[in-house]
Amino acid sequence: MLEEIRGSREVRDWVACPVRPAPEHLATLGLPSWYARFAVQVMTDPLLRAIVTDEALTREPLRETLYGLGRCLDTLPAEVRAQRGDMARQLITHTCAERERALAEGTSTRQPSWDDTAGALTDAITGLLLAPVTPRSPAKEARTNP
């Protein structure tokens with residue numbers, strides 16, 4: 001996938017690179033699986049999340065993807081990019097875990113397939129990253145930072 005989008009200036013192209021692998025992998029596991037639900041638990045523990053994140057960032061394709069996405073979002077303040085990156089991680093892990101749970105329980109899912117789930121996540125995260133930034137007022141900033 002990275003080969004196909006190298007040089008792109010489209011946020012959606014770059015977002016799909018970190019989004020699609022998880023649902024594609026989960027689609028191969030069969031039923032029931034616990035991978036996504038376990039991943040959510042790992043990512044909610046600060047120490048384990050740091051270990052997983054540090055390990056992932058050693059992979060050149062991920063670093064290249066983050067760099068390409070960063071180029072597309074260079075007008076956003078660094079703090080906003082970081083916050084939205086955290087939100088995107090939450091969307092990916094929790095959406096996959098919720099679908100996995102529903103499939104294991106035999107209940108209805110929001111999307112008919114893992115591929116559709118990846119598409120919906122790509123749409124949502126692209127929108128999240130491209131959303132306008134509300135300026136903070138100095139008075140509000142003083143109240144939120146001790």
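The values are calculated or read from the model by the stated rules, or taken from the named source; none is laboratory data. Just so it is clear, the model here is predicted, and its values are computed rather than measured. Cβ: placed from backbone, ideal geometry, glycine included. Neighbour counts: every protein chain shown. Keep in mind that these areas ignore ligands, DNA and RNA; they rest on the heavy atoms of the full protein, side chains included. Shrake-Rupley method; radii C 1.70, N 1.55, O 1.52, S 1.80 Å.
Taking every residue in segment 20-38 that is over 21 Å from Ala120 (Cα atoms) and pairing it with any residue that is in a loop (DSSP other than H, G, I, E, B) and of a type outside the set (Ser, Thr, Tyr), at least 6 positions away or on another chain, the pairs with Cβ-Cβ distances below 9 Å are Leu31/Gly106.
Failed condition for Ile5, given (1) open to solvent by 30 Å² or more (accessible area, probe 1.4 Å); (2) among the hydrophobic types (A, V, I, L, M, F, W, C); (3) at pLDDT below 95; (4) farther than 15 Å from Ala118 by Cα, with all others met? Just one mismatch for Ile5, condition (1). Quick test for you: out of Leu91, Leu66, Leu130, pick the one residue that is within 30 Å of Ile5 (Cα to Cα), touching a residue at least 60 places away in the same chain (Cβ under 8 Å) and open to solvent by 50 Å² or more (accessible area, probe 1.4 Å). The unique qualifying residue is Leu130. If the condition is being open to solvent by 90 Å² or more (accessible area, probe 1.4 Å) and modelled with pLDDT of 95 or more, then segment 20-40 contributes Glu24, Thr28, Trp34, Tyr35, Phe38.
Quick grid of which residues meet (1) touching a strand residue (DSSP E or B) at 6+ places or on another chain (Cβ under 9 Å); (2) within 15 Å of Arg89 (Cβ to Cβ); (3) not small (Gly, Ala, Ser):
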| position | (1), (2), (3) |
| --- | --- |
| Glu4 | no, no, yes |
| Val11 | no, no, yes |
| Leu29 | no, no, yes |
| Ala36 | no, yes, no |
| Val42 | no, yes, yes |
| Leu57 | no, yes, yes |
| Leu62 | no, yes, yes |
| Tyr67 | no, no, yes |
| Cys72 | no, no, yes |
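Taking into account only those residues within segment 1-12 that are of a type in the set (D, E, K, R) and touching a residue at least 40 places away in the same chain (Cβ under 8 Å), which is farthest from Leu130 (Cα to Cα)?
Going residue by residue through segment 1-12, those that are of a type in the set (D, E, K, R) are 3-4, 6, 9-10, 12.
Filter once more, keeping what is touching a residue at least 40 places away in the same chain (Cβ under 8 Å): 6, 9-10, 12.
Details: Arg6: 20, Arg9: 13, Glu10: 11, Arg12: 10 Å.
Among them, the one singled out is Arg6.
Inspection of segment 102-112 identifies no residue that is open to solvent by 60 Å² or more (accessible area, probe 1.4 Å), assigned to a helix (DSSP H, G or I) and aliphatic (A, V, I, L, M).
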